[in-house]
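The structure appears below as structure tokens.
Values quoted throughout were computed directly from the atomic coordinates according to the rules given, and no laboratory measurement underlies them. Being a predicted model, the structure only gives us computed values, none of them experimental. All Cβ positions, even for glycine, are placed from backbone atoms using ideal geometry, and neighbour counts span all protein chains on display.
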Amino acid sequence: MKEILLAGSGWKSDEDFYDAFFAAVGAPKWHGRNLDALSDSIGAGSINQVEVPYVIRIAGVESMSLEARQFLERFRTLIDGLKAEGIEVDLICED
């Protein structure tokens, strides 16, 4: 399974996540910056250059702001929902 590595230390908000994730998966400039759009692009596919199956590995979680960590928990819920639907995606967060 492919691994998408993101360096999250220093992230202050969800915008930092979007910038890093979109660069890593080759998202188009018009990609929405919300969880519904992420669900569509990861779950349905045919939007980003990098398609599932993949594991998203985010390092530096303890160095993120509270706001960024809270967003990451909402993103984890999204990923868990996609996995429950049979989408081959996973999220690993590391300190």
Leading residue by the ranking (farthest from the chain's Cα centre (by Cα)) among those in region 68-90 that are over 21 Å from ASP19 (Cα atoms) and touching a residue at least 40 places away in the same chain (Cβ under 8 Å): GLU85
Every residue from region 4-37 that is of a type in the set (A, V, I, L, M), over 18 Å from GLU62 (Cα atoms) and surrounded by 13 or more Cβ atoms within 10 Å (Cβ to Cβ): ILE4, ALA24, VAL25, ALA27, LEU35, ALA37
Flag if ILE56 is assigned to a strand (DSSP E or B) and under 13 Å from the mean Cα position of the chain (by Cα): yes
Odd one out for ILE42 among (1) under 19 Å from VAL89 (Cα atoms); (2) loosely packed, with under 12 Cβ neighbours inside 10 Å; (3) aliphatic (A, V, I, L, M): (2)
Selection from region 45-56 of residues that are farther than 13 Å from ALA24 by Cβ and surrounded by fewer than 16 Cβ atoms within 10 Å (Cβ to Cβ): GLY45, SER46, PRO53
Pick from region 75-91, criterion of a type in the set (A, V, I, L, M) and surrounded by 13 or more Cβ atoms within 10 Å (Cβ to Cβ), ranking: nearest to ASN34 (Cα to Cα): LEU78
Residues located in region 17-32, provided they are under 11 Å from the mean Cα position of the chain (by Cα) and charged (D, E, K, R): ASP19
Test: residue in region 11-29 that is farther than 23 Å from GLU88 by Cα, part of a loop (DSSP other than H, G, I, E, B) and touching a strand residue (DSSP E or B) at 6+ places or on another chain (Cβ under 8 Å): no
